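Before any comments, here is the structure.
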Amino acid sequence: MDVHGIGMTSQRTRDRLLQRLREEGIHDERVLEAIRNVPRHMFVDEALSSRAYEDTALPIGHGQTISQPYIVALMTQALIAGKRLKKVLEVGTGSGYQTAVLASLVDEVYSVERLEPLMKQARRRLREIGCRNIQIKLSDGSWGWKDHAPYDGIIVTAAPAEVPPALLEQLAPGGRLVIPVGGPSMQQLLLVQHTDKGLTQERLEHVNFVPLVRDSI
Ligand code: SAH
C-alpha cells in the first residue's frame with residue numbers, strides 16, 4: 001500500500017537522495033534512516049512535492065524555506081553525535097521537517113517558531129504523520145524555551161549575528177548546540193559544546209540560512 005501517496009518514481013528519487021547524502025559525508029546510519037523514513041513531500045506545498053527528494057531548499061511561504069536535506073542531515077548528525085538524546089530544543093520550526101527528523105531520533109523535541117501560520121501548519125502536519133513526542137510554541141526563539149531547560153541538544157535553523165546567550169544558558173552540561181552564525185547571505189555553522197572545562201566552539205562549514213528575527217518584547 002502506498003501510505004504516503006508516494007509512487008515508485010519518488011521511491012527511486014528518495015534512494016538517490018540517500019546515496020547522495022552518503023557521498024557527501026553523512027555517515028550516521030540512524031540519521032540516514034530518519035531521512036529515509038520522514039516523508040519530506042508532506043512538508044512542502046503540493047505543487048512542489050515532486051521536488052521534495054531533491055537535495056535542495058524549497059520555499060514554504062512567508063519568505064522562509066525548508067532546509068536542504070544535506071544540511072538537515074549534517075546538523076542532526078553533529079547534534080546527536082551517535083547518542084540517544086533525551087531533550088532537544090529546535091529554534092525555527094518552519095515546515096516542521098527537521099522537527100520530524102529529530103522526533104524519530106530523540107525522546108522529546110521542543111520547537112519554537114515566530115510565524116503563526118507556519119507554526120500551525122507544522123503542528124498539523126506533524127500530527128498527521130503521527131509524531132507525538134513534540135511540543136511547538138509561538139515565540140522568539142532567541143530566548144529559548146526556559147520551561148523545559150536544560151536541553152541535551154539545541155539546534156537553530158535561522159541565523160543570528162551572534163549566539164544568543166539564553167541558548168547557552170539553557171544547554172545542559174555535556175550538551176551540544178548547532179547554530180549558523182553570521183550575516184544575511186553567508187554564515188558559519190558552529191558546534192558549541194558545554195564541556196567540563198567550559199564552552200568549546202568548532203566551525204563546521206559555510207551555510208546560507210534565513211536570518212533569526214528578533215521580536216521586540
Ligand atoms: N528547519 C526549518 C527551517 C525553516 S527556515 C525547515 O526545514 O523547514 C527558518 C525558520 O525560522 C522560519 O520559519 C522563521 O520564521 C523562523 N524564525 C526566524 N527567526 C525566529 C525566531 N527569532 N524565533 C523563532 N523562529 C524564528
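The values are calculated or read from the model by the stated rules, or taken from the named source; none is laboratory data. As the structure is a computational prediction, the values presented were derived from the model and not from experiment. Cβ sites come from the backbone with ideal geometry, for glycine too, and all protein chains shown count toward neighbours.
Would you say L17 is within 16 Å of the ligand (Cβ to nearest atom), over 25 Å from R123 (Cβ atoms), modelled with pLDDT of 95 or more and of a type in the set (A, V, I, L, M)? Against the criterion (within 16 Å of the ligand (Cβ to nearest atom), over 25 Å from R123 (Cβ atoms), modelled with pLDDT of 95 or more and of a type in the set (A, V, I, L, M)), L17 qualifies. Selection within the stretch 118-142: residues that are part of a helix (DSSP H, G or I) and without any contact (Cβ under 8 Å) to a residue 24 or more places away in the chain. The member of this set that is surrounded by the fewest Cβ atoms within 10 Å (Cβ to Cβ) is R124.
Quick one: would you say G141 is under 23 Å from D45 (Cα atoms) and either small (G, A, S) or within 9 Å of the ligand (Cβ to nearest atom) (or both)? Answer is no for this residue.
Filtering the stretch 146-178 to residues that are among the charged types (D, E, K, R) and either free of Cβ contacts under 8 Å to residues at least 12 places away in the same chain or assigned to a strand (DSSP E or B) (or both) leaves D147, D152, R176. Restricting the first member to the stretch 30-45 and to residues that are touching a residue at least 40 places away in the same chain (Cβ under 8 Å), and the second to residues that are of a type in the set (F, W, Y) and assigned to a loop (DSSP other than H, G, I, E, B), the beta-carbon pairs closer than 8 Å and six or more apart or on different chains are R40/Y53.
When we screen A172, A149, A166 for residues that are farther than 19 Å from Q64 by Cβ and touching an Asp or Glu at 6+ places or on another chain (Cβ under 7 Å), the only hit is A172.
Matching residues to (1) surrounded by fewer than 19 Cβ atoms within 10 Å (Cβ to Cβ); (2) among the aromatic types (F, W, Y):
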site: I35; (1), (2): no, no
site: V38; (1), (2): no, no
site: L74; (1), (2): no, no
site: L85; (1), (2): no, no
site: T93; (1), (2): no, no
site: Y97; (1), (2): no, yes
site: A103; (1), (2): no, no
site: E116; (1), (2): yes, no
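Restricting attention to the stretch 58-75, the residues that are in contact (Cβ under 8 Å) with a residue 24 or more places away in the chain and in contact with a strand residue (DSSP E or B) (Cβ under 8 Å, 6 or more places away or on another chain) total 6.
The strands (runs of 3 or more DSSP E) found wholly in the stretch 53-102 and carrying at least 3 residues that are near the ligand (Cβ under 8 Å from one of its atoms) occupy 64-66.
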